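The values are calculated or read from the model by the stated rules, or taken from the named source; none is laboratory data. Only a predicted model underlies this, so the values are computations on that prediction, with no experimental measurement involved. Cβ: placed from backbone, ideal geometry, glycine included. Neighbour counts: every protein chain shown. Surface accessibility is based on the protein's heavy atoms, side chains included, excluding ligands, DNA and RNA. Shrake-Rupley method; radii C 1.70, N 1.55, O 1.52, S 1.80 Å.
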Amino acid sequence: MKILGIETSCDETAASIIEGKGNEVKVISNIVFSQIKIHAKYGGVVPEVAAREHVVNIIPVIEKALKKAKINPDNIKAQLDGIAVTIGPGLITSLQVGVETAKVLSYVWGTPLIAVNHIEGHIYSNFINVKNKDYKNNLFPVLNLVVSGGHTSLVLMKGHGQYKIIGETLDDAAGEAFDKAAKMLGLGYPGGSIIAKNALLANKKKIAEVTNIKLPRPMLYSPNFNFSFSGLKTALLYTLKKDKAWKSRVPEYCFEFEQAIVDTLIHKTLKAAIKYKANTIMLAGGVSCNEALREQLAIAITKEAPAVKFYSPDLNYTTDNAAMIATIGYFKAQRKEFTTWNKISADCNLEL
Ligand code: KG4
Ligand code: ZN
């Protein structure tokens, strides 16, 4: 089965073709046009600008994805089994570009549509190229930690398509906190990868071991699985205000900020995995490419819950992409969860 995926929920215009057989998904093409450079000068995503860029780029991006997958444009209906598109959550005007484009293509080609939630898309980035992973034996229950610029959620899955949110952020998402901290430290946008690089530098120079900078681990011992990162951001702001020499200690600040987020995410994830008797923990979302988080979570699982399997997506599929949208589209197509062009619309507050 071949599926076209379309993703425009934020500032990436993306299209991908995947081929699915049984529980295996192979990516045939994966085109991402990132608008990061355009938004960097404003210090964050400007929704109106993002939507306009999507309008300009969506058709060329889809055309490239089809061409790379050697799909003959004259007879698409015979070669594609579905068009999966992100309908929410996200920026409404950005989502609308992807959804309306998918509707037109479905109408013209006669190919059925599959409506996808962006968060389930991130979760299914872990179902791409699973050859070397043990997905056949006791995969479920799966506990997903979805950490991105817009979301920080712990999602329990008892089976494919069965989601239960057991914890989420009460304010800023982890990626958003990274982005805001980077802005305070004068590091530009997007912040996660720049903070991670600086933290690595502090580690290499062995400054991290001796630093006296201490930031809070928010809600670490709260009796639920929710997160809160806005207090951490404020704590950073006040610490910087008190420290006249902060500009010479940026890597140290990055290290401590990253570690505060990593500690909190790991603590809550493990606690939830044990309480809900998860067989597998999966990491997903843009923040999942953070090396400290990947490494330390893997170590913590081996130590504290050694029977639990741990997977994180290939780095290519951590930040927003359409291969993950096409992948969940494939699993939905297997369940015949199709819709038609006149029955879907973008929903910026879509819930899982
Ligand atoms: O999943 P994504 O592309 O978009 C959303 O759905 O939000 O995630 C983007 C987020 C940004 O906040 C970015 O700062 C963060 O992922 N990010 C990272 C890293 N690379 C990207 N955060 C921490 N460490 C990284 N290496
Ligand atoms: Zn995302």
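Taking only the C-alpha atoms of the chain, the Rg (one decimal) and the largest Cα-Cα distance, Dmax (whole number), read 20.5, 66 Å. Of all lysines in the structure, those lying under 30 Å Cα to Cα from K206, and not within fewer than 8 positions of it along the same chain, are K180, K183, K197, K214, K233, K241, K242, K244, K247, K268, K303.
Evaluating 6.51 cos²θ - 1.76 cosθ + 1.60 at θ = phi - 60° for every residue in the range 290-295, the Karplus couplings come out as 5, 5, 4, 5, 4, 5 Hz, glycine and proline recorded as x. Per-residue packing, averaged as other Cβ atoms within 10 Å, sorts the ranges 7-20, 157-170 into the order 7-20, 157-170, beginning with the highest.
Determine the dipole magnitude for the range 313-352: charges of +1 sit on the beta-carbon of Lys and Arg, -1 on that of Asp and Glu, nothing else is charged, the reference point is the Cα centre, and the result goes in debye to the nearest 20.
Values: 4 positive and 5 negative charges, 60 e Å.
In total the dipole reaches around 280 debye.
Considering only A173, W246, T86, the residue lying farthest towards the positive end of the dipole of the chain is W246, judged by Cα position with unit charges set on Cβ. Think of a 1.4 Å ball rolled over the protein heavy atoms: the chain then has 45 Å² of accessible area per residue.
Divide the volume of the convex hull around the Cα atoms of the range 263-352 by the residue count and you get 141 Å³ per residue. Nonpolar atom fraction for the range 87-170, defined as the carbon and sulfur part of the 1.4 Å probe accessible area, stands at 52 percent. Only DSSP H runs of four or more residues enter the estimate; each adds -39500 (n - 2.57), and after division by the residues of the chain the mean residue ellipticity at 222 nm equals -13000 deg cm²/dmol.
Each residue of the range 12-19 is assigned a 3J(HN,Hα), and the resulting list reads 10, 9, 9, 9, 8, 10, 10, 10 Hz, derived from the Karplus form 6.51 cos²θ - 1.76 cosθ + 1.60 (θ = phi - 60°), x at Gly and Pro. Taking 0.36 nm per residue of separation and subtracting the Cα-Cα distance, full extension of the segment from E291 to N342 would add 14.1 nm.
Distances between placed amide hydrogens fall under 5 Å for T169 paired with T152, F227, all partners being 5 or more residues away or on another chain.
For E209 and I166, the difference between the fully extended length at 0.36 nm per residue and the C-alpha to C-alpha distance is 12.1 nm. Net charge of the neighbourhood of V146, taken over other residues with C-beta under 11 Å away and scored Lys/Arg +1, Asp/Glu -1, is -2.
What FRET efficiency would be calculated for the residue pair N224, F140, taking the C-beta separation as r and a Förster radius of 25 Å, to the nearest 0.05?
Details: r = 23 Å, r/R0 = 0.91.
Efficiency for this residue pair is about 0.65.
Would you mind telling me the share, in percent, of accessible area of the range 197-352 contributed by carbon and sulfur at probe 1.4 angstrom? That fraction is 55 percent. With θ taken as phi - 60° and the Karplus curve 6.51 cos²θ - 1.76 cosθ + 1.60 applied, the whole-hertz 3J(HN,Hα) list for the range 63-80 is 4, 4, 5, 5, 5, 4, 8, 6, 8, 6, x, 6, 9, 5, 4, 6, 10, 10 Hz, x standing for glycine and proline. Cβ-Cβ distance of A298 and I92, R₀ of 35 Å, FRET efficiency by 1/(1 + (r/R0)^6): the value works out to about 0.40.
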